[in-house]
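The values are calculated or read from the model by the stated rules, or taken from the named source; none is laboratory data. Since the structure is predicted, the reported quantities are computational estimates derived from the model, not experimental observations. Please note: Cβ atoms are built from the backbone with ideal geometry, for glycine as well, and neighbour counts cover all protein chains shown. When the accessible area is computed, the model is the full protein with side chains, heavy atoms only, and any ligands, DNA or RNA have been set aside. Shrake-Rupley method; radii C 1.70, N 1.55, O 1.52, S 1.80 Å.
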Amino acid sequence: MLKLYNTLSRKIESFKPIHPPEVGFYSCGPTVYDFQHIGNYRTYVGNDLLQRVLMLNGYQVRRVMNITDVGHLTSNADTGEDKLEKGAKREGKSVWEIAQFYTKDFFENLKQLSVITPGVICKATDHIKEMIDLIGELEKKGFTYQIEDGIYFNTAKLKDYGKLAKLDKKGLLAGARVEPVPGKKNSTDFALWKFSPKETKRQMEWKSPWGTGFPGWHIECSAMAMKYLGETFDIHSGGIDHIPIHHTNEIAQSEAATGKPFAKYWVHFAHLLVEREKMSKSLGNFYTRQDLQKKGFDMLSLRYLYLNTHYRTTMNFTWEALSGARRALERLKEKITEWQEAGKIALSEEEKYTTEFLQSINDDLNLPQALSVVWQMVDDKKLAPGEKIVNIKKFDEVFGLDLLTFSKTEIPQTVKELVKKREQVRKAKKWIESDRLRNEIEKMGYDVEDTKTQTTIKKK
Ligand code: AMP
Ligand code: ZN
């Protein structure tokens, strides 16, 4: 039985879908104004692991993910520039070109990270009508008001506003905080529809019953989640930064409109940090796929690195940790190659390890524990190589590390780098260091042959 931590109750709960075996699962997607960084990708891999664990438990997952291509402002307080318009200015392109370019890059990343593409991918700009209809419904029920800048949701009208974040509503509504938008009634009120500025023309704007403008950021997720999954569905996920504002407001506007619970389980992924600070665009402390590739890393090493930390624990990124993950992944693949070479494929799986593996992943996605089950199995002399292969094949349905498609002739990146380093020290005639590196390469299972002009390496 799968158990999941639900942010709504702050408890680990048994997972019981509304219409088994189907599971409706909505995850907040990227804002496509720039490259996403490896912090963002920790969250997307987290979503993928959850989907894979659900699938291994026999559920049919209908996963929906949005693409934010309009309406996400540079400040969460409904002020500042639209991130897409800002990206367009920065690069001298149209907003549509910007959205298309970064959406393409995003999916290339997901592919390289072995993330299963969600069944429904929906763009905000393709769902303006649904958003306008939802705002209309909220207006009919008396949850909205109009000010100079746009249509706002009145959070004082909703009894349980802020329940996800356990916001101290009384304190917030007292209005002690400075109001960034003139005319807002309560500091927690948020924009549903913003009017285009009078003096400038926006590249993306639409007519609405209230005036020409564009949607607020949160409304897209409510409109699209309900369109594709119904008014109440099973799981909604995103990074933990979404709890106090974005997800709180998604719940408010959806539940105000339908009078029904929005999502049953709320799953949130902890952040990736760099030098103990959240990796983020605004702090400039981020790395992208391109940065990793420049240093010779592939995305599956990054995926392996993510697996080492539980999804609700923050994780500090270092290049050393990434190198360590790459080495561990290479070692695992070497082992699998040895098992494959031993021939004899077994038909049954070894129960002890599969049971422990399933227990780990079903215990609120304890992937670090699942990895340690794998390493115990690697060292188990009693288990035949064929049985290990059958097990690992099953485990990899969740890990998604392409463990069985590894080419036997492929030379691991770590070995390639040692050889490169050795060539440099040989050129500098540092023979002791060169011998030390030869030893290291041999320990990894490769023979080194030097001729006058070049060095070749071969698997032992
Ligand atoms: P954005 O494009 O800014 O909306 O972010 C996309 C997703 O990445 C959201 O679900 C965020 O919560 C998540 N996210 C942002 N920064 C980090 C980080 N440093 N670590 C993990 N997830 C993050
Ligand atoms: Zn969202």
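How large is log10 of I(q)/I(0) for segment 255-329 at q = 0.23 Å⁻¹ when the intensity is taken from the Debye formula with one equal scatterer per alpha-carbon? Here log10 of I(q) over I(0) equals -1.11. Each residue of segment 331-340 is assigned a 3J(HN,Hα), and the resulting list reads 4, 4, 5, 4, 4, 4, 4, 4, 5, 5 Hz, derived from the Karplus form 6.51 cos²θ - 1.76 cosθ + 1.60 (θ = phi - 60°), x at Gly and Pro. Can you check what the Kirkwood hydrodynamic radius comes to for segment 366-446, Cα pairs only, in Å to one decimal? Evaluated on segment 366-446, it is 15.4 Å. Each part reduced to its alpha carbon centroid, segment 381-460 and segment 27-79 end up 35 Å apart.
Both the radius of gyration and Dmax for segment 202-327 are 19.1, 59 Å, in that order, over alpha-carbon atoms. Among 22, 440, the order of accessible area from largest down is 22, 440, computed with a 1.4 Å probe on protein heavy atoms. Computed from backbone phi, the HN-Hα couplings of segment 123-138 come to 8, 4, 5, 8, 10, 5, 4, 4, 5, 4, 4, 5, 5, x, 4, 5 Hz, rounded to whole numbers (Karplus: 6.51 cos²θ - 1.76 cosθ + 1.60, θ = phi - 60°; Gly and Pro given as x). How much FRET efficiency would the formula 1/(1 + (r/R0)^6) give for residue 447 and residue 117, where r is the Cβ-Cβ distance and R0 is 35 Å, rounded to 0.05? Step by step, r from the Cβ atoms, then E = 0.25. Ordered by 1.4 Å accessible area with all protein chains kept, 286, 25 run largest first as 286, 25.
Near residue 457, once Lys and Arg are set to +1 and Asp and Glu to -1 for all other residues with Cβ below 9 Å from its Cβ, the sum equals +1. Estimated at the nearest 10 Å², the accessible area of residue 163 is 70 Å² with a 1.4 Å probe.
Taking amide H atoms as placed 1.01 Å from N in the peptide plane, the amide H of residue 193 lies under 5 Å from those of 151, 216, each 5 or more residues away in sequence or on another chain.
With the simple spin-label model, which puts each label point 7 Å out from Cα in the Cβ direction, the residue 310 to residue 148 separation comes to 5.1 nm. Amide H to amide H, with H built 1.01 Å from N, residue 316 comes under 5 Å of 273, counting only residues 5 or more places away or on other chains. A Cα-only calculation for segment 219-280 places Rg and Dmax at 13.4, 44 Å. Taking the DSSP beta bridges with both ends in the chain, the antiparallel portion is around 50 percent. Each label point was placed 7 Å from the Cα along the Cα-to-Cβ direction; for residue 9 and residue 196 their separation is 4.8 nm. Taking amide H atoms as placed 1.01 Å from N in the peptide plane, the amide H of residue 311 lies under 5 Å from those of 367, each 5 or more residues away in sequence or on another chain.
Full extension of the chain between residue 351 and residue 458 yields a length gain of 34.8 nm, computed as 0.36 nm times the residue separation minus the alpha carbon distance. In plain terms, the chain from residue 363 to residue 338 could stretch by 5.9 nm, reckoned as 0.36 nm per residue minus the Cα-Cα distance. For the chain, the equivalent ellipsoid derived from the Cα gyration tensor has semi-axes of 47, 27, 18 Å, listed largest first. Using the Karplus relation 6.51 cos²θ - 1.76 cosθ + 1.60 with θ = phi - 60°, the per-residue 3J(HN,Hα) values for segment 267-276 come to 10, 10, 9, 6, 7, 8, 10, 10, 6, 6 Hz, with x marking Gly and Pro.
Out of every Cα pair in segment 1-112, what percent are spaced more than 18 Å from each other?
Of all Cα-Cα pairs in segment 1-112, 61 percent lie more than 18 Å apart.
With contributions of -39500 (n - 2.57) from each DSSP H run of at least four residues, the per-residue ellipticity at 222 nm computed over the chain stands at -13500 deg cm²/dmol.
Atom-type composition of the exposed protein surface of segment 351-392 places 51 percent of the accessible area on carbon and sulfur (1.4 angstrom probe). Going 7 Å from the Cα of residue 185 in the Cα-to-Cβ direction, what parts of segment 118-138 have a backbone nitrogen less than 20 Å from that spot? Label zone hits: 134-138.
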